[in-house]
Amino acid sequence: MSDAAFADADDDRCDEWIDDAETECSCPLCAAPMVSVDSTLDHLRLEHAFSLLSVAKSLKLDFYGGIRLVNYIRRQALADPKFDPATVVSSVSSWINDDAYLIPVVENDPLLYAVDFDEFDSDGVDDLAVKLDKSASFKENDDSERVRILERQLAELKSAFAEYKDHVRETFLKDSASDGNAESSRGEILEKLMVESTKDAWEMDYYFGSYAETEIHETMLKDSVRTESYRDCFYDNKDFFKDKIVLDVGCGTGILSMFAARAGAKQVYAVDNSTIILKAKEIVHKNGLSDKITFIRGEVEKISLPVKTVDVIVSEWMGYFLLFEGMFDSVITARDKWLAPNGVMAPSHAEIVIAGLEDSEWINDKLNFWNDVYGFDYTPMKSTFCADGQVDVVAPKCLISNPIVLKSLDLATITAQELDFQNKFSLKFTKSGRLHGLCGWFDIRFEFPQKNSKTVSFSTSPTSTPTHWKQTTFPLDEPVDVDEGTLFDGVFDCRKNPSNGRELDIVISYIHPNSKVAKKQRFTVR
């Protein structure tokens with residue numbers, strides 16, 4: 001589920017900053033160089049009689065309040081070398097709610113994220129630092145437990161930093177755009193900040209941006225076939241999920257992560273690159289599952305996990321005709337990086353299915369409509385219809401052949417290269433009629449290794465309960481009259497579009513059953 005929001009070309013360095021305990025820093029008051037954040041905090045206390053942490057604690061600052069505090073001090077010290085930090089608390093009203101102080105004064109400033117300000121937030125239920133201070137829940141001599149908690153704290157901190165970047169982008173870029181060319185101090189700050197960045201670096205990638213919208217998540221959650229199948233996968237197999245480590249790839253609003261947590265998972269790592277992950281964190285907190293679910297913002301290909309392996313990878317990665325959107329490539333990456341040798345993929349199996357389609361109403365509505373549009377010839381528009389895979393709900397009565405499995409996927413072993421395929425097919429007509437095209441859909445299955453486990457499955461077939469995936473149809477250039485019992489043979493080629501890997505390029509080659517002429521049609525699923 002690329003993060004271009006508030007990122008420069010070297011944004012990947014964030015991981016290096018956070019992982020390096022000796023990150024170089026500078027004093028926010030005198031700009032003296034320091035070898036680490038800790039040495040900077042010590043310097044402030046000893047040389048300037050100022051405790052950054054004490055001030056943050058007294059003001060009960062959250063993450064964003066801490067960002068404003070650091071930037072306020074730096075800007076005041078730059079403007080006035082004699083700036084007295086003792087005035088920070090008395091002047092709190094002038095900076096605590098001013099989003100101008102979310103803009104970094106020092107590029108890549110370690111103080112902005114290395115100091116865990118959320119520790120001082122009265123509502124900091126998600127903060128691992130608070131938990132570390134509770135001796136009852138942490139054993140000083142338990143090194144493995146210490147490492148586990150610190151690693152999870154690191155993941156939470158990375159996610160918080162991603163939230164901060166999004167907040168700055170939304171606050172300043174949108175305001176700047178609405179102000180036109182007006183000169184302002186805010187605009188000047190932005191100009192300085194963006195001097196080494198291009199406009200494109202501030203744009204949210206369309207794919208991830210689309211999953212930040214509420215409507216798409218509402219549609220998926222209301223798809224009862226989809227959502228209840230995933231729910232049953234967890235709730236009907238609680239014995240299997242008990243104490244498992246689960247990775248949720250493309251977590252969206254967090255529904256699958258919460259299913260896993262309530263099914264008994266020991267820990268769930270929920271990964272998404274869309275800003276919807278911010279809402280997911282709120283939802284999980286509202287439902288009292290923050291201790292079981294850790295959110296990590298970023299692309300699977302670029303993030304790290306606090307654990308070496310996971311027991312289960314769950315993901316709702318399916319697109320139209322199964323492979324549209326290309327998300328399963330990322331799931332494969334996650335599988336190859338983190339799934340334990342005996343780990344389980346959920347879902348575990350998928351199949352792409354096709355059948356012959358007869359639907360005169362569909363053809364008249366979508367194709368013949370262009371013959372006469374208010375007295376005008378619109379036939380050039382027909383080529384667009386015949387070149388695209390059409391996503392629509394197909395009535396069961398419109399299927400006139402036996403369905404055949406075009407491609408079977410074992411999700412535990414299939415490679416990204418094998419998602420591009422070319423397979424022969426042979427459809428046998430179950431009744432005489434007119435073949436207008438091919439209808440495609442997919443079936444999904446969840447299987448688990450335990451003997452008492454329950455297999456859960458669902459289909460997006462026209463004969464099953466409709467889903468938001470509907471079916472994908474491929475209209476023929478010209479209809480073919482067919483007789484019951486005869487065959488329609490061909491070759492189906494499906495590949496990622498080389499220019500846009502989320503789209504599918506389809507080529508269907510076949511022999512016309514009557515004329516015996518070889519035909520070939522190209523489609524794009526987009």
## Note on the structure
Output for Cβ contacts, cut-off 8 Å, separation at least six or different chains, first residue over 10 Å from Ile67 (Cβ atoms) in segment 94-106, second small (Gly, Ala, Ser) and surrounded by fewer than 16 Cβ atoms within 10 Å (Cβ to Cβ), reads Ala100/Ser185
### Query
Can you name the residue in segment 260-288 that is hydrophobic (A, V, I, L, M, F, W, C) and open to solvent by 20 Å² or more (accessible area, probe 1.4 Å) and, of all such residues, is modelled with the highest pLDDT?
Ile283
### Qualifying residues in segment 342-374 (those that are assigned to a helix (DSSP H, G or I) and of a type in the set (Phe, Trp, Tyr)) - the one nearest to Lys407 (Cα to Cα)
Trp362
### Task
Could you tell me which residue of segment 476-518 is nearest to the chain's Cα centre (by Cα), considering only residues that are of a type in the set (Val, Ile, Thr) and surrounded by 12 or more Cβ atoms within 10 Å (Cβ to Cβ)?
Ile506
### Task
Could you tell me whether segment 432-446 includes any residue that is of a type in the set (Val, Ile, Thr) and in a loop (DSSP other than H, G, I, E, B)?
no
### Query
Phe385 fails exactly one of the following numbered conditions: (1) touching a Pro at 6+ places or on another chain (Cβ under 9 Å); (2) of a type outside the set (D, E, K, R); (3) modelled with pLDDT under 95; (4) buried (at least 19 other Cβ atoms within 10 Å of the Cβ). What is the number of that condition?
(4)
### Query
For residues in segment 442-452 being under 29 Å from the mean Cα position of the chain (by Cα) and open to solvent by 10 Å² or more (accessible area, probe 1.4 Å), which is modelled with the lowest pLDDT?
Pro449
### Task
Go over the candidates Ile67, Ile73 one by one and state the one that is β-branched (Val, Ile, Thr), assigned to a helix (DSSP H, G or I), at pLDDT 90 or above and open to solvent by less than 30 Å² (accessible area, probe 1.4 Å).
Ile73
### Query
Conditions: (1) modelled with pLDDT under 90; (2) in a helix (DSSP H, G or I); (3) buried (at least 21 other Cβ atoms within 10 Å of the Cβ). Leu61 meets all but one. Number of the miss?
(2)
### Query
Within segment 76-86, restricting attention to residues that are assigned to a helix (DSSP H, G or I) and not hydrophobic (A, V, I, L, M, F, W, C), which residue is most open to solvent (accessible area, probe 1.4 Å)?
Gln76
### Query
Arg335 is checked against (1) surrounded by 21 or more Cβ atoms within 10 Å (Cβ to Cβ); (2) within 24 Å of Arg231 (Cβ to Cβ); (3) in contact with a helix residue (DSSP H, G or I) (Cβ under 9 Å, 6 or more places away or on another chain); (4) not hydrophobic (A, V, I, L, M, F, W, C) and fails just one. What number does that condition carry?
(3)
### Query
Do you know which residues across segment 87-111 are under 22 Å from Cys25 (Cβ atoms) and either part of a helix (DSSP H, G or I) or of a type outside the set (S, T, N, Q) (or both)?
Val88, Trp95, Tyr101, Leu102, Ile103, Pro104, Val105, Val106, Glu107, Asp109, Pro110, Leu111
### Task
Quickly run through segment 500-517 and pick out the residues that are of a type outside the set (Ser, Thr, Tyr), over 19 Å from Gln390 (Cα atoms) and outside any loop (DSSP other than H, G, I, E, B).
Ile511
### Query
When you look at Val89, is it of a type in the set (A, V, I, L, M) and farther than 21 Å from Met34 by Cα, yes or no?
yes
### Query
Any idea how many residues of segment 264-289 are assigned to a loop (DSSP other than H, G, I, E, B) and of a type in the set (D, E, K, R)?
1
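The values are calculated or read from the model by the stated rules, or taken from the named source; none is laboratory data. All values derive from a computational prediction rather than experimental measurement. Please note: Cβ atoms are built from the backbone with ideal geometry, for glycine as well, and neighbour counts cover all protein chains shown. Ligands, DNA and RNA are stripped out before the accessible areas are found, and what is left, the full protein with its side chains, is counted by its heavy atoms. Shrake-Rupley method; radii C 1.70, N 1.55, O 1.52, S 1.80 Å.
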